[in-house]
Amino acid sequence: MSASNRVIDSLLLDDTFLEEEHRALRDVLRRFVREYVVPRAPRWESELRVPGEAFRELGRLGLLGLSFPAGHGGGGAGTRGAVVLNEELGRSTFGGVASSITTHTDFSALHLSRAGDDEQRRRFLPDVLSGRRICALAVTEPDASSDLTRLAVRARRDGDAYVLDGRKTFITNANIADLFFVVARTGGPGRHGLSLFVVERGTPGLSNGRTFEKTGWRSSDTGELVFDECRVPARNRLGEEGEGFRWMMRGLDHERIGLAAQAVGLGEAALAETAAWLRSRPAYGRTLWDLQAIRHEIARFL
Ligand SMILES: Cc1cc2nc3c(=O)[nH]c(=O)nc-3n(C[C@H](O)[C@H](O)[C@H](O)COP(=O)(O)OP(=O)(O)OC[C@H]3O[C@@H](n4cnc5c(N)ncnc54)[C@H](O)[C@@H]3O)c2cc1C
């Protein structure tokens, strides 16, 4: 192993946090990223989406349910499993692919395990874990984002359903998702007035708004959702009325650790590519890697 690769591998989170099962998982994911993601991702970037077949391939390999409890059909690898998934997807250097996939695996559908009941899990999880149905999390609104207590999309109870009205924006997987995990206001102002719903594509009154053409993360489909008298069965509410904010906060705890791991993976890949270039680029009868000033720059990254 070269000196540069030794340095880079020593940055991996392995020894501190991970056990044997996580290292085995890392090997599977690294191969998947190298052989499946990297050759295809440039096309996905130009198509502004990760195709459904990629989710189904992940499902076939058992990689969509790593964070889900084994009792729910998942891998039981918990947040550390999510860290490995995020880090390896980050190493692909295609942040959009990582974002689209982890929105499905960790940021949205996991609410079925946290807040859902057995009937809801039976109804939705087999399709989610196999990749037959793709998931999205719909929280952000044009006038409410960091401050979730301002969310205004309304969910009015009407018999055995809730009627949703309003608009969500910046939703990852907006165009490709089949199941939307939506936070909407069932009660008064503030955080206690929010509830969480699963809204299925095809529900009358649910449509896509604008799609955003971003400068980065292009393969991560991002767009608006419009709810216009959208009638959602009451049995699609996850948890109790008024618990939406609580479930979002629980989700963010998990999501932020995953996103940090994604950034670590991307940083590792950037460092590896830089080191490879420095070692191959001739300069002054040596390579750039041999120049002390360059090494100082690299040392600053570590
Ligand atoms: C590519 C992309 C994908 C996304 N995917 C999703 C998705 O799938 N689902 C979804 O619901 N949302 C999604 N979002 C929305 C994202 O969660 C919001 O962009 C985020 O919540 C921040 O909201 P904002 O951009 O409106 O910034 P604002 O809330 O307007 O904040 C502006 C700035 O102020 C800072 N700020 C805000 N509050 C504080 C504070 N209390 N203290 C200090 N600084 C503060 C923020 O950090 C930010 O820098 C996505 C956004 C992007 C860009």
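The values are calculated or read from the model by the stated rules, or taken from the named source; none is laboratory data. Just so you know, these numbers come straight off a predicted model, no measurement behind them. Don't worry about glycine lacking a Cβ; one is built from the backbone with ideal geometry, like all the others, and counts go over all protein chains shown. Only protein heavy atoms, including side chains, enter the accessible area calculation; ligands, DNA and RNA are left aside. Shrake-Rupley method; radii C 1.70, N 1.55, O 1.52, S 1.80 Å.
Would you confirm, using the coordinates I've provided, whether P189 is in contact with a strand residue (DSSP E or B) (Cβ under 8 Å, 6 or more places away or on another chain) and either part of a loop (DSSP other than H, G, I, E, B) or without any contact (Cβ under 8 Å) to a residue 60 or more places away in the chain (or both)?
On the way: in contact with a strand residue (DSSP E or B) (Cβ under 8 Å, 6 or more places away or on another chain): no; either part of a loop (DSSP other than H, G, I, E, B) or without any contact (Cβ under 8 Å) to a residue 60 or more places away in the chain (or both): yes.
When the stated conditions are applied, P189 does not pass them.
Quick check on L291: is it in contact with a Phe, Trp or Tyr (Cβ under 9 Å, 6 or more places away or on another chain) and of a type in the set (A, V, I, L, M)?
yes
Of the residues in region 187-229, how many are among the hydroxyl-bearing types (S, T, Y), surrounded by fewer than 15 Cβ atoms within 10 Å (Cβ to Cβ) and over 16 Å from K168 (Cβ atoms)?
Just the residues of region 187-229 that are among the hydroxyl-bearing types (S, T, Y), to begin with: 195, 203, 207, 211, 215, 219-220, 222.
Filter once more, keeping what is surrounded by fewer than 15 Cβ atoms within 10 Å (Cβ to Cβ): 207, 211, 215.
Cutting the leftovers down to over 16 Å from K168 (Cβ atoms) gives us 215.
Selection size over region 187-229: 1.
Starting from region 135-148, keep only residues that are in the same structural domain as N208 (by TED's automatic domain parsing), then list their pairs with residues that are open to solvent by 40 Å² or more (accessible area, probe 1.4 Å) and near the ligand (Cβ under 6 Å from one of its atoms) whose Cβ atoms are within a distance under 7 Å, requiring at least 6 positions of separation or different chains.
What qualifies is T140/F170.
Does W277 satisfy being in a helix (DSSP H, G or I) and among the aromatic types (F, W, Y)? Quick ask: steps written out before the conclusion?
Working: in a helix (DSSP H, G or I): yes; among the aromatic types (F, W, Y): yes.
The answer is yes for W277.
Taking L48 as the residue in question, decide whether it is more than 24 Å from T274 (Cβ to Cβ), open to solvent by 10 Å² or more (accessible area, probe 1.4 Å) and within 16 Å of the ligand (Cβ to nearest atom). Even if it seems obvious, please write down each step before you answer.
On the way: more than 24 Å from T274 (Cβ to Cβ): yes; open to solvent by 10 Å² or more (accessible area, probe 1.4 Å): yes; within 16 Å of the ligand (Cβ to nearest atom): yes.
Answer is yes for this residue.
Condition first: more than 14 Å from the ligand (Cβ to nearest atom), surrounded by fewer than 18 Cβ atoms within 10 Å (Cβ to Cβ) and assigned to a strand (DSSP E or B). Can you find one or more residues in region 170-183 that meet it?
no
Restrict the check to region 141-150 and report whether at least one residue is more than 9 Å from the ligand (Cβ to nearest atom), surrounded by fewer than 21 Cβ atoms within 10 Å (Cβ to Cβ), outside any loop (DSSP other than H, G, I, E, B) and modelled with pLDDT under 95.
The answer is yes; a qualifying residue exists.
Suppose we filter region 273-300 for residues that are within 25 Å of S92 (Cβ to Cβ), surrounded by 13 or more Cβ atoms within 10 Å (Cβ to Cβ) and hydrophobic (A, V, I, L, M, F, W, C); how many remain?
Qualifying residue count, region 273-300: 5.
Every residue in region 101-114 that is among the aliphatic types (A, V, I, L, M) and away from the ligand (no atom under 16 Å from the Cβ), please.
Residue satisfying the conditions is L112 alone.
Those residues that are under 23 Å from R123 (Cα atoms), of a type in the set (S, T, N, Q) and within 10 Å of the ligand (Cβ to nearest atom), I need them from region 212-259; list them, please.
Correct list: empty.
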